[in-house]
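Just below is one structure, and these are the notes that go with it.
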Amino acid sequence: MSTTKKTCFVVMPFSETSEKHTEEYWGKHFEYFLKPLIEENQQLEAMRSKPLRQEILNEIITRLVTCSVVLVDITDLNPNVFWELGVRQSFKHGTVIIAENGTKPPFDIYAKSILFYYPNDYVENAKFTRDLKIALADCVDNPTRPDSHVLETITGRGTLFEIFCRDETLRRLDALLLEIDTNLFIIDRIYETIDNNTAKKENLTTLLRFGSASIKLLITERYLEADKSFYDSATECLGNIGIANEVLGRWDTAFEQATEKLEEIRGAFTSKLAGFKAEVQTAQRELASKIC
């Protein structure tokens, strides 16, 4: 197969589907009708799908998902053909559906453009060949043009994809708030220890360190639509957490210096973290109120 051409993967029946449409008919239908029409487009090379069998199922699915163009003939409403069409439209645009005139498509694809061919009507079939060439060229030139109900439903604004993204963001914000609350608890514990037990030099290394995984994820992925000041606050909180954890690591060996440094960042650390928590809660409420 030429490496300079794109594959047009043809999905169609193989065995007899009616008295008229025998196995021999479908073979000739591809070789002498569809293949020549497809390959009039110099950018395309036609490849017929194989009968569905377990040992080649992976190959067929790969073709359906990766080929630039897929042409599907739904004449006689063959179940295997519809299965392959469903796989294709779950992953990629660039699908052309055709059928012999008189075919009654099911309702779920009826709204899509279906090109009907006319084996016994030269004039109407000439219109079909013209429209098919245009459709194939459009798939090549505009590979992302929507032609799948499935992908239109699960991608883009107001769709399932946006709903999934919103719900995932809300879950991440829940984790972030839990991390902030835990850190605020640790702050209270640390400064309570400093205030009440300085003379005893209680070992703070037994306390949990401040967590930062969720805030790092927020800063790295910027998964929340927010202005620069929001992310500046997040970055400042992360810096304070890093400083505090470093100081706690020196508590055993440099008690006085560690205490002095913790006292130095005391007010800013607590207020910044509490303020950032309020910003996150506001963003969470606004996001949760959105109706996709």
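No lab work stands behind these numbers, since they all come straight from the coordinates. Please read these numbers as outputs of a predicted model, since none were measured by experiment. Counting neighbours? That spans all protein chains shown, and the Cβs are built from the backbone with ideal geometry, glycine included.
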Q.
Please report the spacing between the Cα centers of the range 82-111 and the range 162-199 in Å, no decimals.
A. 51 Å
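Arrange the following residues from fewest to most other Cβ atoms within 10 Å of their Cβ: Cys165, Cys139, Cys67, Cys8.
Values: Cys165 13, Cys139 23, Cys67 20, Cys8 27.
The most exposed by this proxy come first: Cys165, Cys67, Cys139, Cys8.
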Q. According to a simple spin-label model (label point 7 Å from Cα along Cα-to-Cβ), what is the distance in nm between Glu19 and Ser113?
A. 3.7 nm
Q.
Using Cβ contacts closer than 10 Å as the measure, can you line up His21, His149 from fewest to most?
A. His149, His21
Q) Is it possible to state the helix-based mean residue ellipticity at 222 nm for the chain, with each DSSP H run of 4+ residues giving -39500 (n - 2.57), the sum divided by total residues, to the nearest 500 deg cm²/dmol? What is it? A) -18500 deg cm²/dmol
(Q) Place a point 7 Å from Cα of Leu170 in the direction of its Cβ. Which residues in the range 273-292 have their backbone N less than 17 Å from it? (A) 280-292
Q. Arranged by the count of other C-beta atoms within 10 angstrom, fewest first, what order do Met47, Met12 take?
A. Met47, Met12
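Return the loop-located GluC sites (Glu not before Pro) in the range 27-126 (DSSP other than H, G, I, E, B) with at most 16 other Cβ atoms within 10 Å of their own Cβ; answer none if there are none.
On the way: sites: Glu31, Glu39, Glu40, Glu45, Glu55, Glu59, Glu84, Glu100, Glu124; in loops: Glu39, Glu40.
Here the GluC sites (Glu not before Pro) that fit, given the DSSP loop and packing criteria, are Glu39, Glu40.
Could you calculate the contour length gain from Phe91 to Asp227, that is, 0.36 nm times the residue separation minus the distance between their Cα atoms, to one decimal place in nm? Write down the numbers at each step before the final one.
Values: separation 136, 0.36 × 136 = 48.96 nm, distance 3.39 nm.
Gain in length upon complete extension: 45.6 nm.
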Q. Once the Cβ-Cβ distance between Thr182 and Glu162 is put in as r, and R0 is 25 Å, what FRET efficiency do you end up with, to the nearest 0.05?
A. 0.25
Q. Between Tyr191 and Lys5, how many nm apart are label points set 7 Å from Cα along the C-beta direction?
A. 7.5 nm
